[in-house]
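The values are calculated or read from the model by the stated rules, or taken from the named source; none is laboratory data. Just so it is clear, the model here is predicted, and its values are computed rather than measured. We place every Cβ from the backbone using ideal geometry, glycine too, and count neighbours over all the protein chains shown.
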Amino acid sequence: MGDFKYEEEYREKYKNTPLEDIMIFRSGPMASINIEGMDFDDNARALFEYALQIKINEKYKLVWIVKNPAKLNEMFKEYKNVLFLSWDDADSDDISKRDTFFYHLCLAKYFFLTDSYGIALGCRKDQIRVMLWHGCGFKTRLGFSPNEDHYEYMIVTGDEYARTYAKVFGLRDDQMLVTGYPKVDYIFHPDEDWIKKLDVKRGAKYIFWMPTFRNTNKTGLERHNHTKPKGETGLPVVETLNEMSKLNGLLASRDTVMIVKLHPFQDRSLICDVSEFSNIQLIENESLLKADIQINQILGYADALISDYSSVAVDYLVKDRPVAFTLDDIDSYEKERGFFWTDLKSHLPGKEIYDYDEFYSFVEDVLNGLDPGVDKRHLICEEMQKFSDDRNSERVFKALGIEREIT
């Protein structure tokens with residue numbers, strides 16, 4: 001059974017009741033690891049917004065399970081058939097709240113989830129659970145257990161990930177849907193007011209640097225910690241403040257701004273203060289949340305991307321622009337976390353960076369209009385990111401036959 005103590009009795013109550021036109025959406029990790037904003041974002045949010053755009057809510061009731069629903073219910077009050085419920089309602093002493101929660105949980109036709117699937121473990125066989133997941137990246141999955149019976153389908157970005165994730169998640173080939181990620185659609189429709197909303201310095205070019213997290217201070221995620229980066233900055237490769245200053249000088253001389261966006265799980269206290277550098281700017285998760293901007297809604301403005309083992313690099317492939325990977329800790333990371341492939345480097349669609357000089361050189365090349373790593377990127381891109389358009393959400397609903405129901 002799932003995550004809730006009352007679920008079994010409600011499942012028994014509704015076991016013979018016909019399902020209704022209800023879709024359940026859930027994003028983020030398990031409820032016990034509540035990070036503000038993460039329970040209404042990512043692929044689930046992008047798919048939900050597309051559903052509103054094409055008026056799927058005229059037929060289906062769209063129900064979100066979040067931590068704090070009041071603000072979101074107010075935000076979407078003008079939309080028909082949209083409801084936000086609290087995760088806590090499942091165990092509430094208020095029977096009315098509990099009844100409402102399990103009515104929707106037990107009678108929904110579809111579940112769209114990005115990570116924690118405990119809410120759907122007790123589903124009936126005629127309920128369809130779709131794992132949207134949150135990234136097609138490079139680091140392997142922890143806590144493996146076969147998921148063949150946990151959901152009916154999993155979406156991925158390309159054929160390489162269909163093969164790889166079927167093995168890693170213990171799924172059958174026919175459970176894999178190569179549709180592309182709904183959140184990648186955002187890249188083609190970036191927020192036009194992002195500079196003002198996020199107080200970003202204007203520049204002729206923008207280079208985004210998005211390292212995955214090495215160390216977290218989030219309770220419940222300690223097993224994901226890795227060796228702390230060396231040096232004064234807390235960041236990969238660029239270890240000293242002098243190196244950061246030299247990099248800033250290069251950027252300033254070419255009217256270019258480097259946007260550093262940390263992973264939501266990263267322990268911010270381990271990262272240096274970059275505010276003294278005129279052309280290097282750190283965007284905090286809190287700023288994105290306040291502005292109600294998803295990261296992919298600004299990623300489209302990047303003229304180049306520097307990452308490492310994060311899935312954001314695969315998202316960004318749709319722009320066909322320079323990509324680089326910092327690999328200074330590849331050996332320790334492989335031992336502590338591991339990768340999907342033993343030959344990881346052959347699956348990295350871009351320039352490999354191992355030290356500061358290579359980092360600086362990559363930035364110089366981008367500023368000079370060069371595209372280091374382009375041949376490798378083009379060679380393997382399609383296997384990893386099959387589609388380069390803004391129709392991924394559309395493909396998800398078409399694969400499930402939902403769009404045919406409303407046309």
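Please specify each residue of segment 365-393 satisfying the condition of being in a helix (DSSP H, G or I) and not aliphatic (A, V, I, L, M).
Across segment 365-393, the qualifying residues are Asp365, Asp375, Lys376, Arg377, His378, Cys381, Glu382, Glu383, Asn392, Ser393.
Select from segment 156-203 the residues that are among the aromatic types (Phe, Trp, Tyr) and part of a loop (DSSP other than H, G, I, E, B) and write down the one among them that is farthest from Asp115 (Cα to Cα).
Residue satisfying both the conditions and the ranking: Tyr181.
Every residue, every condition in (1) modelled with pLDDT under 95; (2) under 26 Å from Glu383 (Cα atoms); (3) crowded, with 19+ Cβ neighbours inside 10 Å; (4) basic (Lys, Arg), yes or no:
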residue	(1), (2), (3), (4)
Tyr316	no, yes, yes, no
Glu336	yes, no, no, no
Phe340	yes, yes, yes, no
Lys345	yes, yes, no, yes
Asp357	no, no, no, no
Leu367	no, no, yes, no
Leu370	no, yes, no, no
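Take the residues in segment 81-133 that are of a type in the set (D, E, K, R) and closer than 26 Å to Asp185 by Cα, then tell me which one is nearest to the chain's Cα centre (by Cα).
Asp115
Six or more apart or on different chains, Cβ under 8 Å: which pairs go from a residue in segment 175-191 that's under 14 Å from Ser311 (Cα atoms) to one that's among the basic types (Lys, Arg) and in a loop (DSSP other than H, G, I, E, B)? Could you list them?
Qualifying pairs under 8 Å: Gly180/Lys386; Gly180/Arg391.
Condition first: under 30 Å from Ser253 (Cβ atoms) and β-branched (Val, Ile, Thr). Can you find one or more residues in segment 376-397 that meet it?
For segment 376-397, residues under 30 Å from Ser253 (Cβ atoms) and β-branched (Val, Ile, Thr): absent.
Test Leu121 against the stated conditions and say whether it is touching a Gly at 6+ places or on another chain (Cβ under 8 Å), closer than 23 Å to Val63 by Cα and of a type in the set (A, V, I, L, M).
yes
In segment 9-39, what count of residues is obtained for those that are in contact with a strand residue (DSSP E or B) (Cβ under 6 Å, 6 or more places away or on another chain), at pLDDT 95 or above and outside any strand (DSSP E or B)?
Matching residues across segment 9-39 total 1.
Of the residues Asn73, Asn43, which single one is assigned to a helix (DSSP H, G or I) and crowded, with 19+ Cβ neighbours inside 10 Å?
After applying the criteria, what remains is Asn43.
Which count do you get for residues in segment 124-140 that are free of Cβ contacts under 8 Å to residues at least 40 places away in the same chain and either surrounded by fewer than 22 Cβ atoms within 10 Å (Cβ to Cβ) or not hydrophobic (A, V, I, L, M, F, W, C) (or both)?
Final tally of qualifying residues: 2.
Checking the condition touching a His at 6+ places or on another chain (Cβ under 7 Å) and of a type in the set (Ser, Thr, Tyr), which residue from Tyr356, Tyr309, Tyr333 passes?
Of the residues listed, the single one that is touching a His at 6+ places or on another chain (Cβ under 7 Å) and of a type in the set (Ser, Thr, Tyr) is Tyr333.
With Ser287, Ser332, Ser310 as the choices, which residue is of a type in the set (Ser, Thr, Tyr), over 15 Å from Pro236 (Cβ atoms) and out of contact with any strand residue (DSSP E or B) (no Cβ under 7 Å at 6 or more places or on another chain)?
When all the criteria are applied, what remains is Ser287.
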